[in-house]
Amino acid sequence: MNQEDFPILNELVHGRRLVYLDNAATTQKPQVVLDAITEAYSHWNANVHRGVHHLSQVATQKHEEAREKVAQLIHAHSSEEIIFTKGTTDSLNMLARSFGDAMVKEGDEIIISQLEHHSNIVPWQMLCERKGAVLKVIPLCEDLSLDLEAFKGLLNEKTKLVSVAHVSNVLGVVNPVEEIIHLAHERGIVVCVDGAQSVPHLVMNVKQLDCDFLVFSAHKMYGPTGLGVLYGKKEWLDKLPPAEGGGEMIEHVSFEKTTYNVLPYKFEAGTPNYVGSYAFGKSIDYVQAIGLENIAKHEHALAEYIEQELNKIRQVKVYAAGKEKAGAVSFNVYRADGALIHPFDVGVLLDRQGVAVRTGHHCAEPLIDWLGVPGTVRASVGLYNTKEDVDVFISALKKAIMMLE
Ligand code: C6P
């Protein structure tokens, strides 16, 4: 699907055609996104929301059009609910600061899960330390699904917020966020969904999902690095204080008192990444022209094919085997005597054959500890990957295993 739109896929790695299967870490960029960045700096670069001059007006218009595109992408009620950030990590830190300052006090509880990325652990841990609050963790069942019975038991009148990944970046499994949101909302508890690995792979509808907050990164969806989104329901964003102070987020400033700007600017201190937002808008146009449902179907079929081919290799153990996945498959390789071959060794030998995968703890150490391994090998697909890519990867893996056994 559309490999020719991505110039980097023509690169040779160690003299081999690049087979890029590290899309969960970051995706490659289509020519339209690369062109958008050049166009912005070549033709209309100017600071936004500040100038009456022509270039500033153009830049402002393009930045705000991109915000509209993001709102449409996730089916938000309005673009006021879309806050541009530096990425998923920044969005979660902002939320933990803003929500934490306003809503969390000593003894309150925040719930996350065992399979979270560090970005959805550490900001909440820091908040708990600041406030004397308590971090609770939804445990995993043996089959690596979230233990929803245990989750119900964690919810109580002290719970202030639940923050969970929609799709695990390590296992690729789709978590039952609809049910989690329903169970939390029944008790009036707020839910944040980490959509870093779901927005690029699934059709996202925040109205249907009814999450209070959603966070994701542009770079995992064929857009630029350094840009992300914090979506929040308007009633929450209106209520919460800004996480950062500076230009842009103010209405009036005096030494006695500062009043804040309207949404979404209240949460966007400083010069925003308007070139990034414009380029992200182009990547949204690009995926929408192909169709997110078509992309999801294509990636689902590829992930299933990867799992099916991995299952045929005697030495390989796939994690969360047989579970519904969106984009990523994690595995390890074992010698005949049962000893684990270190995932780094597998990754290096795949790289020598032009295949890029991620190895290690994938910034989810508590999950990797739970699995009782030093890390995993993760193959993750994007819209440009093909069955042929998977075949190259599988044959490279077989060669690597022969060398390591
Ligand atoms: N996961 C991976 O290889 P940033 O780095 O801010 O764009 O995204 C952080 C993040 C948060 N939540 C989840 C579920 C994620 O997968 C990520 C990023 C990459 O798995 C890089 S560590």
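In the range 226-237 there is no residue matching the filter, namely being among the aromatic types (Phe, Trp, Tyr) and closer than 26 Å to LYS323 by Cβ.
Among the residues of the range 146-174, count how many are in contact (Cβ under 8 Å) with a residue 40 or more places away in the chain and either part of a strand (DSSP E or B) or within 16 Å of the ligand (Cβ to nearest atom) (or both).
Residues meeting the conditions: 15.
Consider the range 246-268 and keep the residues that are not in a loop (DSSP other than H, G, I, E, B) and not hydrophobic (A, V, I, L, M, F, W, C). The one that is nearest to LEU95 (Cα to Cα) is LYS266. Contact annotation: residue pairs with Cβ atoms under 7 Å, 6 or more positions apart or on different chains, pairing a residue in the range 194-222 that is at positive phi with a partner that is away from the ligand (no atom under 12 Å from the Cβ) and open to solvent by less than 10 Å² (accessible area, probe 1.4 Å), are ASP210/ILE181; TYR222/PRO30; TYR222/VAL33; TYR222/SER283; TYR222/VAL287.
Given the criteria out of contact with any Ser or Thr (no Cβ under 8 Å at 6 or more places or on another chain), of a type in the set (Asp, Glu) and outside the structural domain of ASN385 (by TED's automatic domain parsing), does GLU251 qualify?
Numbers: out of contact with any Ser or Thr (no Cβ under 8 Å at 6 or more places or on another chain): no; of a type in the set (Asp, Glu): yes; outside the structural domain of ASN385 (by TED's automatic domain parsing): yes.
Here the answer is no, as GLU251 does not meet what is asked.
Number of residues in the range 228-245 that are part of a loop (DSSP other than H, G, I, E, B) and in contact with a helix residue (DSSP H, G or I) (Cβ under 6 Å, 6 or more places away or on another chain) equals 4. Can you find, within the range 258-281, the residue that is nearest to the chain's Cα centre (by Cα) among those that are open to solvent by 20 Å² or more (accessible area, probe 1.4 Å) and of a type in the set (Val, Ile, Thr)? Residue satisfying both the conditions and the ranking: THR271. The residues of the range 308-318 that are open to solvent by less than 20 Å² (accessible area, probe 1.4 Å) and either part of a helix (DSSP H, G or I) or of a type in the set (S, T, N, Q) (or both) amount to a single one, LEU310. On the stretch given as the range 9-37, residues that are part of a helix (DSSP H, G or I) and loosely packed, with under 12 Cβ neighbours inside 10 Å total 1. One residue is enough: does the range 50-71 have a residue meeting the conditions within 16 Å of the ligand (Cβ to nearest atom), among the basic types (Lys, Arg) and in contact with a Ser or Thr (Cβ under 8 Å, 6 or more places away or on another chain)? No.
Residue-by-condition table, conditions (1) buried (at least 20 other Cβ atoms within 10 Å of the Cβ); (2) under 27 Å from PRO30 (Cβ atoms); (3) not assigned by TED's automatic domain parsing to the domain that holds SER283:
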site: ALA320; (1), (2), (3): yes, no, yes
site: GLY327; (1), (2), (3): yes, yes, yes
site: LEU349; (1), (2), (3): no, no, yes
site: HIS361; (1), (2), (3): no, no, yes
site: LYS399; (1), (2), (3): no, no, yes
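Within the range 39-93, being among the small types (Gly, Ala, Ser) and either over 25 Å from VAL193 (Cβ atoms) or touching a Leu at 6+ places or on another chain (Cβ under 6 Å) (or both) holds for ALA40, SER42, ALA46, GLY51, SER56, ALA59, SER91. Screening the range 83-99 for residues that are away from the ligand (no atom under 14 Å from the Cβ) and surrounded by fewer than 24 Cβ atoms within 10 Å (Cβ to Cβ) and picking the one that is nearest to ASN169 (Cα to Cα) gives ARG97.
The values are calculated or read from the model by the stated rules, or taken from the named source; none is laboratory data. Computed from a predicted model, the values in this text were never measured in an experiment. In this analysis, Cβ positions are derived from the backbone assuming ideal geometry, glycine residues included, and neighbour counts consider all displayed protein chains. Keep in mind that these areas ignore ligands, DNA and RNA; they rest on the heavy atoms of the full protein, side chains included. Shrake-Rupley method; radii C 1.70, N 1.55, O 1.52, S 1.80 Å.
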